[in-house]
Structures are given as C-alpha cells and as structure tokens.
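Scroll down for the structure; my scribbles are underneath it.
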Amino acid sequence: MGSDRSKSSKNKPRKMIPKGLEAAHSMRDKFRNACATPVETLRKISQDMLSQMEAGLQSDGESRLRMLLSFVEHLPCGNETGLFYGLDLGGTNFRVLRVQLGGKEKRILKQESKVDSIPSEIMTSTNEELFDYIARVLADFVATEGVDCNLILGQKRELGFTFSFPVSQESLNSGKLVKWTKGFAIAETIGQDVVKELQAAMERCKLDMHVIAMVNDTTGTLAGGRYWNEDVMAGLILGTGSNACYVEQTSEIPKWPPSLPKPEETVINIEWGHFWSPHIPKTEIDDDLDAESVHPGQQVFEKLFSGMYLGDIVRRMILKLAEQACLLGGVTEIPSNMATPFVLRTRDVSIMHEDESENLENVARVMETIFGLKELPLEVRKVIKDVCEITAARGARLVAAGIVGIVRKIGGRKKKICIAIDGSLYEHYTKFRAKLHEALVELLGQEAAAKVVIELSKDGSGLGAALLAASHSKKDLEDKCDKQ
Ligand code: BGC
C-alpha cells in the first residue's frame, strides 16, 4: 500500500497522480500507525475490560463500567404461552411487535411487527412528546390485533419494553434514566422512571397495557437468543450504539442490594460504550468527534466504532487529507458538505471498504453521490478505501478485545459460550465482522475461539423483551423454567 511512495516516482509523469498524493500517503500511514491494535495491545485492553467489569460489580461509581443490574429472574426457555407485546426504542427507529407463543412444542405461533421512526425534533423535545409519540404508534398497532390473537377476555395486554440507554433499575419493571446517549437529549428524562413515563403516556392514549419488563437491548437480544439456545450467555449490540450484557451469578455481585431477594443468576448490562483503557489507540480525529458530539466525554469506546460514528471518523479523516495533504489535488475547492457531520454514513464506509472492483467504482460512486466529486483518480480512491479499512479494523478488533473480557468473566461456567448479537454494523458490514472474528482467534487461539459462538439474532431485542414479558408474566408462573 505504501509502495507508491518510492523516490523514483518524482521523475514519473504525474498526469493521473494528484498533487500532494505523497503527503496523503504519509498522512494515511500515520493514521494507520495511530490506529494500530497489535494483539498484545488487545490483550491489555481485554484485561482492562475484565478488571473494570469486576470493579463495577463491587459498588456503583467504582468503575467506568456501570454494570447495571437488570433484575431479570427468568430468561425465556420456550415454555411460555400467550399473547405478548414488545416495544423496542433505542435509536431513530423503533419497533412495536406482537407475538403469540405456543409453548415448548409450538414456540412462536405468530409474530407481527411494525417499524416507525422518531422524528429528530422529538429526540430532543420533552418526555411527554416522546412517550406520547411512542404510545400512539403502539396503540395504532394494538388496534390491528386480529381475532386469532387469543387474548383471554378480561386479561390485560402485557408488554416487554426494550429501552436502549443506561437505566438504573431496582426492579424489572421500573428504572431511572442515567443519561441519554446516541442522538437523544431530553434533559427532564434524566433521573425519571421511564416505565412510569411510558405507562402514563399509554393511559393518555387509552391503551390498556401493562409493562412487565423493561430491559436494555443487549438483554433483549440475550433473551431472544436464550429462547432457542440455552448456551446463550451474553448479548451484544453493534448498531447505532454499542453495548454488551451477560449472565452473572449473583454471588459474584457484591453490590446486590441486601434487602432484595437474590436469584441464583441475573443479567448484567455492562454499558461498555463508556469503557476506556489507556491502551486504546485514539487519534486527534476521535478527540474532535467527541468534542463536537451531542454528549462530549461520554461513550468514548462506542464513538470509536459504532454505526453512528464510524462513518464520521472516515469523513473527518478524508477532510483532513483533503485540507492538509491535498488529497483531492485536481479539485479546486473541497466540497463544502465534507465538513458536515454525519453526511458520510457507516453504510457508505462499508460499501467503499468492500469494493473489490479493479477501479474501485463503488468508492467513486459514493464520493460522487455524497460529495459531488467526479472522476477521482484511482490512487485517491485507494487512499479513501484504506481509511475505511483502517478505521473499521481498529473498531472490529476493539470489539473483539471487549468480547474476550466478557468470555473470561464468564470463565469455565460453560463449555461453550454463545453470544447473541444484533445490529446493522455486524449484520451488514461483512469485512467488519470478518475482522472481529479474526481478532477473536488471534486473542483466544483457534481451539478456544471455536468455543465462542456468535449468533446473529436479527431484530432480537424487541422479540426478546416480549419473551421476557412472557417469562415474567404473572398469569402463568407455573410455566416458568426452574432456573435460567
Ligand atoms: C447505550 C446502551 C445501548 C447501546 C446499543 C448505547 O449508546 O448506552 O444502553 O445498549 O447504545 O443500543
């Protein structure tokens, strides 16, 4: 990749090579070095993940990792029966779903869902506007319930609510918002019980429904995976945001409130988006992105790779290359929207990174569609593809280090550890996924890595929440599995 830098290139005709490409190559190489994650570094990062997880279980405020208690007592096992609803709120899109469960043999008899998107102004408005918006969509969806839905007369509808933000819980169906992340910012919600807010909005909409469980999307994903496979021990989200949870023994949780009943196991929401280790490679670009973000100083791990930010890291690096190393040489002016945050999305990065055509036609297409840049020389396209590759590789390898921290925390409790994963970054970005798996093998070795199985659980978090509503429903406690 650095071969174009040979000294003799000075004497070659430069027609197709934009002025400044050598500077661009050298800046790209510096970026590559600054983002490097050799396996020894990843080992230290995964060790830090493990120690911070342990510290976070000791007591609140001990660690950057909040290690939030979920109060999930029964993970679904397949025995559940009846009609349940799920509501999944975590990014711009939210999903409502309905599921008819038929027990061990018949499992999911029917599943219907609808996706809606939260208007961006509502993401920063008021509690009432946000929760009323959601409750209305849910009420409209409930109104489409068919006669085959088998709701027993007089029975209240029950809901599992996936709320994908850090929440401090004291029971499964209550929890105070610790902070907003991603693009949400409604100051008055912080410290409020979000279940109460949702329940009140449902009442305003005359929707007679009871929230049985409120869980993080990682926990929803874990529950969705566990319904089919009892080896599922962790849930991971690689989407707009990123986070992980896992099944922990309560004997390992010194901060468990002494006044509360203690099940044998529970699910811990790690909130790894806020993780940090001094070994993590970070660049000036990451600092700028953080400083200009909606929540500066927060979720710094997540900002290195999640779907919301990966595209913007690449955009910032391309802009830097254009401004400081004349990457776009022939172009007189740098396109003005190249300075606009988030115009380049992670989806675009994956298209460019995965472009295997000889002339990097997809790179050219993305650059033209988004920035109006026509006929970029191949050498420039290559640099852009390299930037995508460097950024994604760092992110995927950091995720692998995080996963290894969790695997070590679970330890020898299971012969095989399955991790249910959801999120478009993992699902659609093939090279990101491949890098992640490659790094897991590097870190764990072939044999141990084969015992860590990552299973895609598409849209599993909303379904998982509905399944958790079922497994904690008051109406058929006798159907519960004995243990998680
Ligand atoms: C939130 C987590 C969530 C993750 C994935 C993060 O920004 O803090 O609670 O699980 O995004 O949606």
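Conditions (1) at negative phi; (2) of a type in the set (V, I, T); (3) modelled with pLDDT of 95 or more; (4) not assigned by the TED database to the domain that holds R347, marked per residue:
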{"residue": "I419", "(1), (2), (3), (4)": "yes, yes, yes, no"}
{"residue": "E427", "(1), (2), (3), (4)": "yes, no, yes, no"}
{"residue": "A439", "(1), (2), (3), (4)": "yes, no, yes, no"}
{"residue": "E442", "(1), (2), (3), (4)": "yes, no, yes, no"}
{"residue": "A469", "(1), (2), (3), (4)": "yes, no, yes, yes"}
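I'm checking my understanding of the structure. Among residues of the stretch 180-207 that are among the charged types (D, E, K, R) and modelled with pLDDT of 95 or more, which one is nearest to P257 (Cα to Cα)? Taking the candidates together, the pick is D193. Evaluated against (1) closer than 30 Å to G405 by Cα; (2) at pLDDT 95 or above; (3) open to solvent by less than 50 Å² (accessible area, probe 1.4 Å), F141 falls short on exactly one condition, (1). Within the stretch 458-467, can one find any residue that is away from the ligand (no atom under 16 Å from the Cβ) and within 15 Å of the chain's Cα centre (by Cα)? Taking every residue of the stretch 458-467 in turn, none turns out to be away from the ligand (no atom under 16 Å from the Cβ) and within 15 Å of the chain's Cα centre (by Cα). Looking only at residues in the stretch 287-299 that are open to solvent by less than 30 Å² (accessible area, probe 1.4 Å) and within 12 Å of the ligand (Cβ to nearest atom), which one is nearest to V399 (Cα to Cα)? Only one residue tops the list, namely Q299. From E271, E264, E284, grab the single residue that is open to solvent by less than 20 Å² (accessible area, probe 1.4 Å) and either in the same structural domain as S46 (by the TED database) or farther than 23 Å from D217 by Cβ (or both). E271 is the lone residue from the list that is open to solvent by less than 20 Å² (accessible area, probe 1.4 Å) and either in the same structural domain as S46 (by the TED database) or farther than 23 Å from D217 by Cβ (or both). The residues listed here are E128, E80; of these, the one that is touching a Ser or Thr at 6+ places or on another chain (Cβ under 7 Å) and of a type in the set (D, E, K, R) is E80. Scanning the stretch 217-242 for residues that are polar (S, T, N, Q), open to solvent by 10 Å² or more (accessible area, probe 1.4 Å) and within 13 Å of the ligand (Cβ to nearest atom) returns a single hit, T240. Taken over the stretch 56-95, the criterion of being of a type in the set (V, I, T) and surrounded by fewer than 18 Cβ atoms within 10 Å (Cβ to Cβ) is satisfied by T92 alone. Cβ-Cβ below 8 Å, separation at least six or inter-chain, first residue in the stretch 248-275 and more than 19 Å from D231 (Cα to Cα), second modelled with pLDDT under 95 and not in a loop (DSSP other than H, G, I, E, B): which pairs? Close Cβ pairs (under 8 Å, with a partner that is modelled with pLDDT under 95 and not in a loop (DSSP other than H, G, I, E, B)) amount to P257/E170; L260/E170. Scan the stretch 251-258 and tell me whether some residue there is within 16 Å of the ligand (Cβ to nearest atom), over 26 Å from Y85 (Cβ atoms) and not polar (S, T, N, Q). Looking for residues that are within 16 Å of the ligand (Cβ to nearest atom), over 26 Å from Y85 (Cβ atoms) and not polar (S, T, N, Q), one finds none in the stretch 251-258, hence no. Number of residues in the stretch 149-164 that are in a loop (DSSP other than H, G, I, E, B) and surrounded by fewer than 23 Cβ atoms within 10 Å (Cβ to Cβ): the value is 7.
Where strands (runs of 3 or more DSSP E) sit wholly within the stretch 58-144, those with at least 1 residues that are away from the ligand (no atom under 16 Å from the Cβ), touching a residue at least 24 places away in the same chain (Cβ under 8 Å) and among the small types (G, A, S) occupy 81-89, 108-117. Out of curiosity, is K110 more than 25 Å from the chain's Cα centre (by Cα) and surrounded by fewer than 17 Cβ atoms within 10 Å (Cβ to Cβ)? Yes, satisfied.
Just to be sure, is T346 closer than 30 Å to K44 by Cβ, polar (S, T, N, Q) and within 16 Å of the ligand (Cβ to nearest atom)? Against the criterion (closer than 30 Å to K44 by Cβ, polar (S, T, N, Q) and within 16 Å of the ligand (Cβ to nearest atom)), T346 qualifies.
Residue count for the stretch 194-213 under the criterion of being in contact with a Leu (Cβ under 9 Å, 6 or more places away or on another chain) and either surrounded by fewer than 19 Cβ atoms within 10 Å (Cβ to Cβ) or under 12 Å from R136 (Cα atoms) (or both): the result is 6.
Of all positions in the stretch 178-185, at least one carries a residue that is under 13 Å from the mean Cα position of the chain (by Cα), farther than 14 Å from A465 by Cβ, touching a residue at least 40 places away in the same chain (Cβ under 8 Å) and not in a helix (DSSP H, G or I).
The values are calculated or read from the model by the stated rules, or taken from the named source; none is laboratory data. Note that this is a predicted model, so its numbers are computed, not measured. Reconstructed Cβ throughout: ideal geometry from the backbone, glycine too, with neighbour counts over all protein chains shown. Keep in mind that these areas ignore ligands, DNA and RNA; they rest on the heavy atoms of the full protein, side chains included. Shrake-Rupley method; radii C 1.70, N 1.55, O 1.52, S 1.80 Å.
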